[in-house]
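Notes for the one structure printed next.
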Amino acid sequence: MSNPSQAVTLRPGTINDVEIIHAALLRLGTHIGAHQEITSTPEDLRRYGFGANPAFSTLIAEIDGEFAGLCLHFPIFSTWMGRPGVYVQDLYVEDRFRGRRIGEKLLRRVAKECRAAGGGYLRLSVDTDNETAKAFYERLGIGRSSYEQVQKIVGDAFFAFADTREE
């Protein structure tokens, strides 16, 4: 068990963290019962997160230099609000470090960085069956949208859709 008095350090993820980031994503997938859905590789994260035009950023939490959690996020824009925001794709905290407000610290830092860049909102999706996460977000004031639901198209269906010739 970790010592609750140990300080949490937050820092941006680097290309050297790719293996740790990917392992955490796999553990997150297992935690929510969706590990079979994860097809990304460390090379995918390296290519798309740390290349010339990164598609995402990561914020890493550490305790005494040991990985404790992460927040993977990217910028978004609301045409309705006319403001940039941030989308949190993945928030993960190692089991042994839960209850230390690490997830909250990660989210607050990402929100603070977004606000400093002119942003005005944070969005995320929650696994339908993850009642613990839903309660956690509600406690922080991150409520469920009453007028939206996530739609998606992936894999072969996406490629067929994208490759269909326009009439």
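Worth a mention:
- Residues (surrounded by 13 or more Cβ atoms within 10 Å (Cβ to Cβ) and either touching a Lys or Arg at 6+ places or on another chain (Cβ under 7 Å) or farther than 21 Å from residue 126 by Cβ (or both)) located in the range 30-43: 42
- The range 58-104, subset touching a Pro at 6+ places or on another chain (Cβ under 9 Å) and hydrophobic (A, V, I, L, M, F, W, C), residue farthest from residue 29 (Cα to Cα): 77
- Scanning the range 82-108 for residues that are part of a helix (DSSP H, G or I) and among the aliphatic types (A, V, I, L, M) returns 102, 106, 107.
- Odd one out for residue 149, checked against (1) in contact with a Cys (Cβ under 6 Å, 6 or more places away or on another chain); (2) at pLDDT below 95: (1)
- For the range 105-114, filtering for residues that are free of Cβ contacts under 8 Å to residues at least 12 places away in the same chain and either touching a strand residue (DSSP E or B) at 6+ places or on another chain (Cβ under 7 Å) or closer than 16 Å to residue 31 by Cα (or both) leaves 0.
- Only one of the listed residues (61, 111, 68, 162) is loosely packed, with under 12 Cβ neighbours inside 10 Å and either out of contact with any helix residue (DSSP H, G or I) (no Cβ under 6 Å at 6 or more places or on another chain) or not in a helix (DSSP H, G or I) (or both). That residue is 162.
- Members of the range 126-159 found to be aliphatic (A, V, I, L, M) and surrounded by 12 or more Cβ atoms within 10 Å (Cβ to Cβ), listed by number: 126, 133, 140, 142
- Apart from one condition, residue 113 fits all of (1) under 15 Å from the mean Cα position of the chain (by Cα); (2) of a type outside the set (Lys, Arg); (3) at positive phi; the exception is (3).
The values are calculated or read from the model by the stated rules, or taken from the named source; none is laboratory data. Fair warning: this is a prediction, and the values are worked out from it, not measured in the lab. Every residue, glycine as well, gets a Cβ built from its backbone with ideal geometry; the counts of neighbours run over all protein chains shown.
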